[in-house]
Structures are given as C-alpha cells and as structure tokens.
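A.B. asks: First, the structure itself, so that you have it in front of you.
Since every read-out is calculated from the coordinates, none of them should be taken as a lab result. This one's a predicted model, so the numbers in the text were calculated from it and none came from an experiment. Cβ: placed from backbone, ideal geometry, glycine included. Neighbour counts: every protein chain shown.
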Amino acid sequence: MRTFWKSNQLKLAPWLFLTPGIFIFCLYVILPVFQSIAISFYAWDGLGVKEYVGVDNYIELADDEAFYTSLKNNLIWLILYMLAVPAGLFVALFLNQTVRGIRIYKSLFFFPFVISQVVVGLVFSWFYDPTHGLMNILLNAIGFDSIAVLADERFVTYGIIVAGLWPQTAYCMILYLTGLNAVDPEQIEAARLDNAKGWRLLWYVILPQLKPATFIAIVVTVIGALRSFDLISIMTSGGPWGSSRVLAYYMYEQAFSEYGFRMGYGAAIAVVLFLIMMIYIAGFLYKMYRDERGL
Amino acid sequence: MKNKKKLLKHSLATMLLATAFSASTFAGNLVINTDTSDPAPKKAFEDLIKGFEAANPDVKVTLNLFDHEGYKTSIRNFLTADAPDLATWYAGNRMLPYVKSGLFESVDDVWENNGLNKSLASAAASMTIDGKKWGIPYTYYQWGVYYRKDLFAANNIAVPKNWAEFKAAGAKLKAAGITPITIGTKYLWTAAGVFDYLNLRTNGYDFHMALTKGEVSWTDERVMKTMNNWKELVDAGFFLDNHAAYSWQEALAPMVQGKAAMYVMGNFAVAPLREAGLTNDQLGFFQFPEITPGIEVAEDAPTDTLHMPANAKNKVDAKRFLAYLAQADVQTQMNETLGQLPINADSVAGSDEFLQAGFKMLSNTSQIAQFFDRDAPAEMAKAGMEGFQEFMVKPERLEKILKRLEKVRMRVYK
C-alpha cells in the first residue's frame, strides 16, 4: 500500500485534488445535460405523469415562429455584443495614462460592471421611457419624435443590447488594462525608433502583445451574450409580443413562467441552445488544447 | 478547545431538534400559505386568522406570506414537496392543473355541512370541476370602465350606454386633446380585460366561455366581429400611445394628470387613483356599454379562493378554517379591509361608492367570467394576450395573429 502510494504519488495527487471538482461538475452539469435531453422527448407539466412523445417537441419547434424570433435575436446578440471588445480596448487605451486621479476614473469606468444587471436594466428602462426618459427628452429637444424603444419590435433587441454593452465594455476594459500593464515598453521604444506610430503601432506592436487579453475578452463576451437573460427579463419580459426573446428566455418562459410549465418543450429549446453553444465550446476547447501543447 | 467543540455539538443538536419540531405538525397547528403581499390583503388575512384563533383557541395558525408574483411559481413546489394545510389560489380554469394532478383536495363536505351551496351559490360554478368543489371563494371584484367625471362634464359627455355613444364620447375626448382610454400592456393581461369585454358584449357570455374553453375556432367570424370592433377603437386612436412600454400602474398617471379619461380595469385601480389625488367628484365608474343589442350583459369578476392541498397534514382544522372563512360576517369584515366584494349572499358589501356600484352591477347578472387568463388554460392565455398586445399596436396583422392563436388552440386543447 505504502509503496504503491509512494511510487505513484505524483500521478495520483492531481486526481485526488480534482475529485471533488469532477464530482460536482458531473452532478450539476453533465448529468442535467442528459436529463434535459431525456425530458425533451416527453410532454410533461412538471406535476403530472410524463408522456412520451418522441420528437414531437422538436417538430413543433421547427414550426414555431417564436422560436425563430428567439434564434434570430440570439444571433444579433452574439454579433453586436462583440462591440464590447473593441470598445473596451479603446477605453482601456484612453485610461492607460498617468495623470492625477486616474485611479478614480478607472474605478468610475468599471462601475457599471460592479452593479447588478437588474439595476442596469432598470436604469435603461427609465432612460428609454417614452414620456419621461432622458433619451426622448433629448430627442425632442433637437426636434425628433419620441421613440418607444422597448415597445417597438424593430428597436427593442438593439435597445437591450446597448444596455448590456455598458457593463460588458467595462469588463473588457479592465481585462485590457491589466493586459496593457504587461506590454513590454522596450518593444514600443524599438518600434518608435523605427518610426511606427498611431494605428500601425497599435495594430502591429501592441495588439499582438494583448492577444491573451483579447482571447479572454471574447470568451467572456460570448458567454455574456448567451446569458442575456436577466436584462431581457427586467426590461421587457420578452415583449412586446415576444419580439425581444432569446432562446434562454424562451426556454424559461415555456418551462417555468406563470403561463408555461411545458417542461418537455422547454427542454427541447434548451437542447438546441446547448448544441449552438457546443459549436463554440468545441472551438474554445480546441484552441485551449493547441495553446497548452504550445502549437 | 474541547469545551467549545462540545458546546457547538450541543447547539447543533438543539437546532436540529428545533427544526424537527417546527416541521412536524402536531394537532392544532394549521399552516396557511398566501400570496397576500400587498398591504390590504395582508391585513385582511391577519385579521381573519386572529378572528379564527379567537373562535377556536385550540388551533394555532402559522401564516407563510409569499410575494404575489413569486407565489405563482412556488405553489407548484410546495404543493408537491411540503404542502401547507391551506393555500390561496384562483377560481376557474386556473386551478385545473392542480385539480387534475390531484394536488388539491375536494371540499364538498365543507360546502354540504355549512349550507354553502346556497350562501356561496353565485361562485359555485367557478369552483366546480368534474362535479366537485375544490375550495372556498372569499372575495371578488368587478371590472368595468373607470372614468374622469370632471373631464366628461367639461366636454359635455354623458355616460355612454351603447357602442355608438361610446365611440362618440371617445371622438369628443380625442377632439379635446384627451386620450380616451389609458392602458399599459407591458405585462399583457390588461389587454385581455379589453378583449373580454368586447367579446362578452359582441357575442355574449356563452360564446366567450366556449372560446376560452377551446370549443370555437379563433378564426371564427364571430371572433372576427369582436376584433373588428376593437379595430375601430384602435384605428380611431382611442388607446394611449406606446402602451406596450407601460405597466398598468404607469398607465394610471395620464388619467391622474387629466391627459386620459377612461380605464378598462378592475376595482383595485381605485385605491391607487385615490392615493394619487383623485376625489370622488373626479373619479367615476360605469358598466362597459352594450355593443350587440339584446345580448344578456355579462361581467368579468375574478374570484380569489382558498384551497386545501391533498398533502395537507391537518385536514380537520383546515376544514374548520374553510367553514369559518365562508361565514357571512367573516366575509363582510374581510372584504371591508380588502376593498372588494364578499361572495356570501348574506354578507354586506362595503359602503364605498365603487363597491356599491359593482355590487349592484354584479347582482344583476348571473353570467360572471373569471378573466381571460383564468378562463382559458395558461398556454392559450399567454398566446392570446400576446396576440392582443400585438394587435393593439399592429392592427393590420389581425389575420396572422388569429391564425397563430388557432394553431395554439389546436395544440392546447387536444
């Protein structure tokens, strides 16, 4: 026993340390994934008897307008949310200077990420309010008509994304600020000697050194876009007439909300969302794997 | 160190014991879960429990107060996992899922033994599923049109009695720069109130109930007729602009400011309107006007109820409590606090002007609907209300919306 432990200590120790994590991960992540897939083949209200319906839920999903609206919104979210990355970079570059009180400014810019998403949602709902909101008061002042952003199916998703970009930009900014600390001043000096400046300096000298920060920023932004649930719930509850729903919210509505409780259908939506995320997660894991091996 | 450990062990043991005790229900302990988080309902229930405890000193009541919105989801959990002895809910189709899955227990004997079939007769139909009664109704309230008397007077408008007068009144208000009807459809259900009344007045109670029960197609021409009446109002600009951005409370503001004149609402709107400064000289109530002449006038009057879960631990005392709740004097007092109407025929409605108006109106009809989202099953209700909201903003999509609702109907009621 003792000798076995002694001889294999180095190999076994990491696994011992990992065991609790693996166990929890299996119990709360892996297992529910398969449970959800199983439930998606049933019609079930969460209370009564489960009735096996095969792929009926998926067939219905394929013919469900609301599902396509949600899917489209998910894509809009994924694409536009990416604006947080360059925006964060420029705020970080702007704040990366040494003037009096810069730490206060940095904290202020980081502030929206610290406050709760619920608060962000409320603040923006008031900002967009058609009669008393700041945005429409400004619009009226320069001679435009009021726009009820959150009550108009054309603008509502964009309105919520703008609200989401506010804290997300702050998050990317802090990532880049840390990254900028690690930029090698000698390289910049060398570049300047070679007469590089402005955009070219940024693009060819600074950005490559920020690559790890960019990677993390993209990862957290994608996750943020797919987690856009809370803002939608606070600002519109998916409305008007469901035009601001995303898949996560639609799933919640079908499975858990006041008028929902179609667990099977909700699970089917979850499975589709899971598959979409798998594409991204697979790409992410592949990259991690390559980086680990130093390729 | 050792002592400390011992102490910790000891206190842990007592803690466990304490929770074990509080969880086990010994005879005479009654647990009630309610969603009465607003001030008036909260007080009404507290007084009710005090009264019951005074009359039945051997029973100790524990009240678990839930947030009104959160309750709608937590009820599913506690009915299955840790059922109280009594729980508040709503009449009509809204209780169907819990009845069907055997989570509510029939309380026919309470009705039988206390003569409730007579005294609560007006609500008996909405409490009955499969020939059995599933709870005790204790309060309801009228819906109708709340309006600004002073604005009507200033523009020479009499209370409209029929559809033509109603439209004429709106046109006059519109000409005076006043929005005829305020509404906030952000949370959807307010639009259902308007639909209920238009449909009840256009096609009558039986058709409305058949529609919400899924027996009639949404593309039926009678539905079309209702929607076309509605379209007249929408096209004439009767409703508040951007109503999809407001909650029902936010839509009260234009009415208080005198920018809007009417509100199709339940009686609960009176309290906030008064708090905002409207006096009885300014605020009035009228019955939703007639549309199709000769149709019997039906009303929306949602009923709130108390039920006994099938997994209740103390059913004996729960039934005693239900019987107490059904008493005429108890309902009188309780509804005085709630500012609503009692169900018991021998109770006295509060002296408030609006309660009296509602009481009179509801006494004259035997056709009482519960409200769209309680009469129709949840899924149909959700799709319907979303459709109504969309229709109010984009009336040109009517056909598409009705087709969509029909698709939902085919699925929901199979």
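A.B. asks: Quick check: net charge around A:ASN74, other residues with Cβ under 13 Å of its Cβ, Lys/Arg +1 and Asp/Glu -1?
C.D. replies: +3
A.B. asks: From the cross-link list B:LYS118/B:LYS319; A:LYS72/B:LYS414; B:LYS132/B:LYS319; B:LYS50/B:LYS100, which pairs have alpha carbons spaced over 22 Å apart?
C.D. replies: A:LYS72/B:LYS414; B:LYS50/B:LYS100
A.B. asks: Straight-line reach from A:LYS106: which lysines fall under 20 Å, measuring Cα to Cα and dropping same-chain residues less than 8 apart?
C.D. replies: Answer for A:LYS106, where 20 Å is the Cα cut-off: none of the lysines qualify.
A.B. asks: Kindly rank B:380-388, A:282-290, B:395-403 from highest to lowest mean number of other beta carbons found within 10 Å of each residue.
C.D. replies: B:380-388, B:395-403, A:282-290
A.B. asks: Continuing with this model, one more query. Dipole of the protein assembly as shown, Cα-centred, from +1 at each Lys and Arg C-beta and -1 at each Asp and Glu C-beta, to the nearest 20 debye?
C.D. replies: 2920 debye
A.B. asks: Calculate the FRET efficiency for A:VAL55 and A:ILE137 from the Cβ-Cβ distance with a Förster distance of 60 Å, rounded to the nearest 0.05.
C.D. replies: Plugging the Cβ-Cβ distance into 1/(1 + (r/R0)^6) gives 0.70.
A.B. asks: In addition: Starting from the Cα of A:ARG290, step 7 Å along the direction of its Cβ; do the same at B:GLU406; then give the gap between the two resulting points in nm.
C.D. replies: 5.3 nm
A.B. asks: Still on this structure, I have one more. How high is the FRET efficiency between B:HIS68 and A:GLU189 when r is their beta carbon distance and R₀ equals 60 Å, given to the nearest 0.05?
C.D. replies: For B:HIS68 and A:GLU189, the calculated efficiency is 0.40.
A.B. asks: Could you list B:THR365, B:THR226 in order of exposure, starting from the residue whose Cβ has the fewest other Cβ atoms within 10 Å?
C.D. replies: With the fewest neighbours first, B:THR365, B:THR226 line up as B:THR365, B:THR226.
A.B. asks: Tell me, B:SER351, A:SER233, B:SER217 in order of fewest to most beta-carbon neighbours within 10 Å?
C.D. replies: In order of increasing Cβ crowding within 10 Å: B:SER351, B:SER217, A:SER233.
A.B. asks: Further, regarding this structure: Among the lysines, which have Cα under 18 Å from the Cα of B:LYS407 when same-chain residues fewer than 8 positions away are ignored?
C.D. replies: Counting by Cα, and skipping residues close in sequence, B:LYS407 has these lysines nearby: B:LYS213, B:LYS382.
A.B. asks: Excluding B:ASP346 itself, calculate the net charge of residues whose Cβ lies under 14 Å from the Cβ of B:ASP346, where each Lys or Arg counts +1 and each Asp or Glu counts -1.
C.D. replies: Counting the neighbours of B:ASP346, the net charge comes to 0.
A.B. asks: Restricting to chain B, what percent of DSSP beta bridges are antiparallel, rounded to 5?
C.D. replies: Roughly 60 percent of the DSSP beta bridges within chain B come out antiparallel.
A.B. asks: Okay, next question. Charges on Cβ only, +1 for Lys and Arg, -1 for Asp and Glu, centred on the Cα centroid of the protein assembly as shown; of B:ASN117, A:PHE229, B:PHE238, which one is farthest towards the dipole's positive end?
C.D. replies: A:PHE229
A.B. asks: Which trypsin sites (Lys or Arg not before Pro) from region B:120-171 combine a DSSP loop assignment with at most 14 other Cβ atoms within 10 Å?
C.D. replies: B:LYS161
A.B. asks: What relative contact order, as a whole-number percentage, does region A:161-295 give when Cα pairs under 8 Å and 6 or more residues apart are counted?
C.D. replies: Computed value for region A:161-295: 15 percent relative contact order.
A.B. asks: Within 10 Å of each Cβ in peptide B:400-412, how many partner chain Cβ atoms are there on average? Round it to a whole number, please.
C.D. replies: So the per-residue partner count for this stretch is 1.
A.B. asks: Around B:TYR246, under 14 Å between beta carbons, what's the net of Lys plus Arg minus Asp minus Glu among the other residues?
C.D. replies: Net of charged neighbours comes to -2.
A.B. asks: What does the average come to when, for each residue of peptide B:99-105, you count the partner chain Cβ atoms lying within 10 Å of its Cβ?
C.D. replies: Average per residue, whole number: 2.
A.B. asks: Let me ask something else about it. Take every Cα pair under 8 Å in region A:66-260 that's 6+ residues apart, average their separations, divide by the length, and report that relative contact order as a whole percent.
C.D. replies: 36 percent
A.B. asks: Let me ask another. When a footprinting reagent is the concern and you count Cβ atoms within 10 Å, what order do B:THR179, A:THR157 take, fewest first?
C.D. replies: B:THR179, A:THR157
A.B. asks: For B:LYS174, which lysines qualify as cross-link partners when the Cα separation must be under 27 Å and same-chain residues fewer than eight apart are set aside?
C.D. replies: Reachable lysines: B:LYS149, B:LYS161, B:LYS186, B:LYS225, B:LYS231, B:LYS259, B:LYS394.
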